[in-house]
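One structure below.
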Amino acid sequence: MQEGLCTLLFVPADDARKVNKALESGADAVVLDLEDAIAPQAKDDARRRARGILDARTKGGPAIIVRINAPDTGWGVSDLEVLGGAALDAIMVPKATPRMLCLLPGRCPPVIGLVETAQGVEEAAGVAADPRVVRLMLGSADLAADVGSELRADELDLLYPRSRVAMASAAAGIEGPIDVVHLDITDDDGLVAASGRSRSLGFTAKACIHPRQLGPVKDTFRPGEDDIVRALAVVEAYEQAQINGHGVATVGTKLVDLPVLRRAQRTLTISGISARPLTKENL
């Protein structure tokens, strides 16, 4: 799965109108939901529709991810059977734990582990270490129900699980995690604040449930032009220092060492310009 996806738009896989709208929304990825958004009696139809969408897929457009039902359920087993060999970018596994991942077939698409239980939070490092896992996502509603916590406006309840998931991702060397859905689709200020809080902890993306959320999320997680200019300056200064036999450099009055360089390189990767010559002409 490609890196740098920062907006993931969830949509019920059995709602053709919403799926088509999502595919044209400008989201980095569309998540076809076979789990919570689908009633039990509609599961079979939803997975058939998801397979049809994937089979009709053409080049271009957003990444397509499918959130399956938990693989310890009959629904999850059927999801994996129907999706076998499909042209999807990743599957999202709900209630992810190392034990849950063991139930997946040995050969499967890249996996996004959805951490949304107390056990999942405590075992996030084990989930992230699975070689099939390319990214973690945190889920808040199921987690709050499992823990018995309150979904607070200031998100203090999410500080610990966000930190655990971010640390697990970094320790495993995988891309920064995806943050929880902001449930109030009209609360732009709250969405921006929540995105800023998660970004400060190491998250690099956020799940969305409505197209209007995409812009604020992208503005928060995507580096701005000033961020890119600073990152380019850091990389240039560090490379020049290496040529001159020095282990550190300065940009203005600030020290540039290897951790600062890695942060700058991450900014450029997210911006999609790191593979090109690191010059300001790339802007």
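Starting from the 7 Å offset along Cα-to-Cβ, what nm value, one decimal, do you get for the label separation of residue 151 and residue 248?
4.6
Which distance in nm do the two modelled labels at residue 257 and residue 184 give, with both placed 7 Å along the Cα-to-Cβ direction?
4.3
Please list, in chain and number order, the residues 5+ apart from residue 67 or on another chain whose amide H is under 5 Å from its amide H, with Hs placed from the backbone.
Under 5 Å from the amide H of residue 67: 32, 33, 34, 92.
What is the packing order of peptides 166-178, 145-157, taking the mean over residues of other C-beta atoms within 10 Å and listing the highest first?
166-178, 145-157
With a ≥ b ≥ c the root eigenvalues of the C-alpha gyration tensor of the stretch 1-155, is it rounded (a/c under 1.5), prolate (a/b larger than b/c) or oblate?
Rounded, since a/c falls under 1.5.
Put +1 on the Cβ of each Lys and Arg and -1 on the Cβ of each Asp and Glu in the chain; which of 120, 202, 52 then has its Cα farthest toward the positive end of the dipole?
Among 120, 202, 52, the one farthest towards the positive end of the dipole of the chain is 52.
Cross-link candidates for residue 21: which aspartates and glutamates have Cα within less than 17 Å, leaving aside residues fewer than 8 places away along the same chain?
Straight-distance partners of residue 21: 33.
Report relative contact order for the stretch 162-283 in percent, whole number only (criteria: Cα-Cα under 8 Å, sequence separation at least 6).
Reported as a whole number, the value is 19 percent.
Amide H to amide H under 5 Å from residue 6: which residues, 5+ apart in sequence or cross-chain, H placed 1.01 Å off N in plane?
Under 5 Å from the amide H of residue 6: 28.
Given a 1.4 angstrom probe, I'd like the percentage of the accessible area of the stretch 1-130 that is carbon and sulfur, rounded to a whole number.
On the way: 2760 of 5490 Å².
Within the stretch 1-130, the accessible surface is 50 percent carbon and sulfur.
Considering only 246, 210, 182, give the residue with the highest GNM mean-square fluctuation for the chain, with springs between Cα atoms whenever their separation is below 10 Å.
Comparing 246, 210, 182 in the GNM, the peak value goes to 246.
Using a 1.4 angstrom probe, figure out how much accessible area the chain has per residue, in square angstrom, rounded to the nearest whole.
Working: 13730 Å² over 283 residues.
That works out to 49 Å² per residue.
Given an 8 Å cut-off on Cα distances and at least 6 residues of separation, report the relative contact order of the chain as a percent.
Working: 489 pairs, mean separation 41.9, N = 283.
Reported as a whole number, the value is 15 percent.
Which of 267, 220, 250 moves the most in a Gaussian network model of the chain with Cα springs under 10 Å?
So, out of 267, 220, 250, the one fluctuating most is 250.
Kindly provide the helix-only [θ] at 222 nm of the chain, computed as the sum of -39,500 (n - 2.57) over DSSP H runs of four or more divided by all residues, to the nearest 500 deg cm²/dmol?
One gets -12500 deg cm²/dmol as the mean residue ellipticity at 222 nm.
Say we join alpha carbon atoms closer than 10 Å with springs in a Gaussian network model of the chain; which of 209, 68, 273 then has the biggest fluctuation?
273
Taking semi-axes √(5λ) of the Cα gyration tensor in Å as the quantity of interest, determine which of (1) 34, 21, 19; (2) 32, 22, 18; (3) 57, 23, 15 was computed from the displayed structure.
Computed from these coordinates, semi-axes √(5λ) of the Cα gyration tensor in Å corresponds to label (1).
The values are calculated or read from the model by the stated rules, or taken from the named source; none is laboratory data. Remember, it's a predicted structure, so these values are computed and weren't measured experimentally. Don't worry about glycine lacking a Cβ; one is built from the backbone with ideal geometry, like all the others, and counts go over all protein chains shown. Heads up: the accessible areas ignore ligands, DNA and RNA and are worked out on the full protein's heavy atoms, side chains in. Shrake-Rupley method; radii C 1.70, N 1.55, O 1.52, S 1.80 Å.
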